[in-house]
Amino acid sequence: MLRATGSLFGLAYGDALGKPTEFLSVPEIVARYGHRGPQDLDGDPALVTDDTQMALAVAWALVDAQPTEGRPWSAATLEPPLRQRFLAWARSPQNNRAPGQTCLRACAALEDGYRWQRATVSGSKGCGPTCG
């Protein structure tokens, strides 16, 4: 569990560090921060993006669906808590960090009861299809 916690902390720290560059081009990043990019966290507290929020939703769903004797992880055991965690994220007032429309539409379809595969938005240019 300690390794997983450390990995998630590293993910969140890196995400918060890179957050100010999220919608910038490489030339814009270099112009603002130099070739090394941002070196300090921005904000007090520094905020993560929706990407980290969703990674944490997956992590919590894995905890919720933790295998037990006679009940290993499977699509059937992981899907309900993953759906629940994504929907909680989608409804959260903290979900104000520029989530993509594809992902929000996929979450809305999940909330409407669509099967995971049907909620997916195929052909999207963003990472939203992975949400659904």
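With the checklist (1) farther than 26 Å from residue 2 by Cβ; (2) assigned by TED's automatic domain parsing to the domain that holds residue 112; (3) modelled with pLDDT of 95 or more in hand, flag the one item residue 28 doesn't pass.
All conditions are met except number (2).
Quick check on segment 41-78: of everything there that is hydrophobic (A, V, I, L, M, F, W, C) and assigned to a loop (DSSP other than H, G, I, E, B), which residue is farthest from residue 94 (Cα to Cα)?
Within segment 41-78, the match that is farthest from residue 94 (Cα to Cα) is 73.
How many residues are surrounded by fewer than 16 Cβ atoms within 10 Å (Cβ to Cβ) and in contact with a Phe, Trp or Tyr (Cβ under 7 Å, 6 or more places away or on another chain) when one looks only at segment 92-116?
Residues in segment 92-116 being surrounded by fewer than 16 Cβ atoms within 10 Å (Cβ to Cβ) and in contact with a Phe, Trp or Tyr (Cβ under 7 Å, 6 or more places away or on another chain): 0 in total.
Since residue 69 meets every condition but one in (1) free of Cβ contacts under 8 Å to residues at least 12 places away in the same chain; (2) among the acidic types (Asp, Glu); (3) within 18 Å of residue 111 (Cβ to Cβ), which condition does it not meet?
Here residue 69 meets the rest and fails (3).
Residue 84 - would you say it is without any contact (Cβ under 8 Å) to a residue 40 or more places away in the chain and assigned to a helix (DSSP H, G or I)?
The answer is yes for residue 84.
Which condition number in (1) at pLDDT 95 or above; (2) touching a helix residue (DSSP H, G or I) at 6+ places or on another chain (Cβ under 8 Å); (3) not aromatic (Phe, Trp, Tyr) is the one that residue 34 fails?
Failed condition: (2).
Return yes when residue 46 is under 16 Å from residue 11 (Cβ atoms) and touching a Pro at 6+ places or on another chain (Cβ under 6 Å) and no when it is not.
When the stated conditions are applied, residue 46 does not pass them.
Quick check, is residue 31 in contact (Cβ under 8 Å) with a residue 24 or more places away in the chain and either exposed (fewer than 14 other Cβ atoms within 10 Å of the Cβ) or closer than 27 Å to residue 92 by Cβ (or both)?
Here the answer is no, as residue 31 does not meet what is asked.
State which residue is surrounded by the fewest Cβ atoms within 10 Å (Cβ to Cβ) when the search covers only segment 118-132 and only residues that are assigned to a helix (DSSP H, G or I) and at pLDDT below 85.
So the residue we want is 130.
The values are calculated or read from the model by the stated rules, or taken from the named source; none is laboratory data. Since this is a predicted model, take the numbers as computed values, not measurements. Neighbour counts are summed over all protein chains in view; Cβ atoms, including those assigned to glycine, are modelled from backbone coordinates with ideal geometry.
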